[in-house]
Amino acid sequence: MSNLRLCIQKGGRLSEKSLGLLNQCGVSVSNGGSLKAEARHFPLEVLFLRDDDIPQAVQDGVADAGILGENVVLESGKKIDVVEKLGFGRCRLSLAVRREESYDDTAWFEGKKIATTYPRIVESYLREKGVSAAIEKINGSVEIAPSIGLADGICDIVSTGSTLLSNGLKEVETILRSEAVLVKHPSLDPEKDALLRDLVFRIQSVLKASEFKYILLNAPNEALETIKQELPGMKSPTILPLAKEGWSSLHSVIREDDFWERIGRLKDLGAEGILVCPIEKMIL
Ligand code: ATP
Ligand code: ZN
């Protein structure tokens, strides 16, 4: 049986999280600094590449799949399929101009020069807005371009905005929100496709689990009905009698995002001894 070949970024922002996700999927890969590694417990071979080289490798079938930023996928223009968003490596691609410019809308960029590492994405954004500007592709230190007179504005990845600020720039438009994604070759052979589907299934279980917590609490029996409404769980909560007369223990799952509001309401309804635990995998 042939291995699935997956490429991930070598020594960059996404490397550790990509390996961590595989690990959570029960696929352990040791990164001993080499270009290739074989996974244990899964027929998978990992190739470590620069993120910019991943789209080409997947399109050409050198690799079957890859993990990289959506921004790099879009900029590459390669024929590869995005299979799954992975919830890490979140960032945005934004246009920025000198802080002292008075900026109203994208029309400001008409006839101006924009420095960026992402010419393709910027071009398609401006086309959509009906603005024509000159785009200067540069490969590093984009944020200094305006101060050295190379461009009027820039388009670059922003996470906190502090780099822009320290270069006298202000963010004026967000043109793309990006996160790490799993991509694949558009026509994998059936055997590899089955392996990839298995991996995707595991990834989904891990990602789903991170949205939920397991919750256990004690409550007086007369409060159970109202407490149940707050904790619908996957199908319905589990209710077990406590040794103490008139009390029960209730087990369920709860969403991470509205967790604290619900906990407050549960306490008001009479819940006690609330325990909350992480869930490792969630299979629906
Ligand atoms: P490589 O050497 O592989 O070409 P790189 O310098 O192009 O690396 P990194 O800086 O490691 O790339 O970033 C990889 C990806 O991480 C980006 O393409 C983007 O999707 C994501 N990312 C998330 N937050 C940030 C950030 N603050 N700055 C840059 N990239 C970020
Ligand atoms: Zn890169």
Open item on the list: In Å and on Cα atoms, what radius of gyration and Dmax does the chain show?
Closed with: 24.6, 79
Task: Calculated FRET value between ASN139 and THR238, using beta carbons and R₀ = 51 Å, to 0.05 - done: 0.35
TODO: Return one quarter of the surface area of the convex hull spanned by the alpha-carbon atoms of segment 164-251, equal to its mean projected area, in nm².
DONE: 12.9
Task: Two-site FRET efficiency, ARG40 against GLU222, from Cβ-Cβ distance with R₀ of 41 Å, rounded to 0.05 - done: 0.20
Open item on the list: To check you understand DSSP bridge types, tell me what percent of the beta bridges within the chain (both residues inside) are antiparallel, rounded to 5.
Closed with: 75
Task: Label-zone membership for segment 211-226, site ASP257, 7 angstrom Cα→C-beta point, backbone N under 13 Å - done: 211-212
Task: Whole-number percent relative contact order across segment 212-278, with pairs defined as alpha carbons under 8 Å at least 6 apart - done: 52
Task: Rounded to 10°, Cα long-axis angle of helix 190-209 versus longest principal axis of the chain - done: 60
TODO: Taking all protein chains together and a probe of 1.4 Å, list THR116, THR238 from the most accessible to the least accessible.
DONE: THR238, THR116
TODO: Enter the accessible area of CYS91 (Å², nearest 10), with the probe set to 1.4 Å and all protein chains included.
DONE: 30
Task: Computed [θ] at 222 nm, helices only, for the chain once each DSSP H run of length n ≥ 4 contributes -39500 (n - 2.57) - done: -8000 deg cm²/dmol
Open item on the list: Suppose the chain between GLU100 and SER187 were pulled fully straight at 0.36 nm per residue; how much longer would it get relative to their current alpha carbon spacing?
Closed with: 26.3 nm
TODO: Would you please state which residues of segment 132-167 a label at THR174 would reach in this model, taking the label point 7 Å out along Cα→Cβ and a backbone N cut-off of under 17 Å?
DONE: 155-165
Task: Degrees between helix 119-129 axis and first principal axis of the chain (Cα, 0 to 90, nearest 10) - done: 90
Task: Simple Cβ-charge dipole of the chain, Lys/Arg +1 and Asp/Glu -1, about Cα centre, in debye nearest 20 - done: 460
Open item on the list: Just want to confirm a number: the relative contact order over the chain, from Cα pairs under 8 angstrom separated by 6+ residues, in percent.
Closed with: 19
Open item on the list: Suppose every Lys and Arg Cβ carries +1 and every Asp and Glu Cβ carries -1, with no other charges. What dipole size does segment 90-193 come out with about its Cα centre, to the nearest 20 debye?
Closed with: 120
Task: ARG90 versus LEU165: modelled label distance in nm, points set 7 Å from Cα along the beta carbon direction - done: 1.9
- [ ] Estimate the FRET efficiency between VAL62 and VAL83 by the formula 1/(1 + (r/R0)^6), using the beta-carbon distance for r and 22 Å for R0, to the nearest 0.05.
- [x] 0.80
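The values are calculated or read from the model by the stated rules, or taken from the named source; none is laboratory data. Because the structure is predicted, anything quoted here is derived from the model rather than measured. Cβ sites come from the backbone with ideal geometry, for glycine too, and all protein chains shown count toward neighbours. Accessible surface areas use protein heavy atoms only, side chains included; no ligands, DNA or RNA. Shrake-Rupley method; radii C 1.70, N 1.55, O 1.52, S 1.80 Å.
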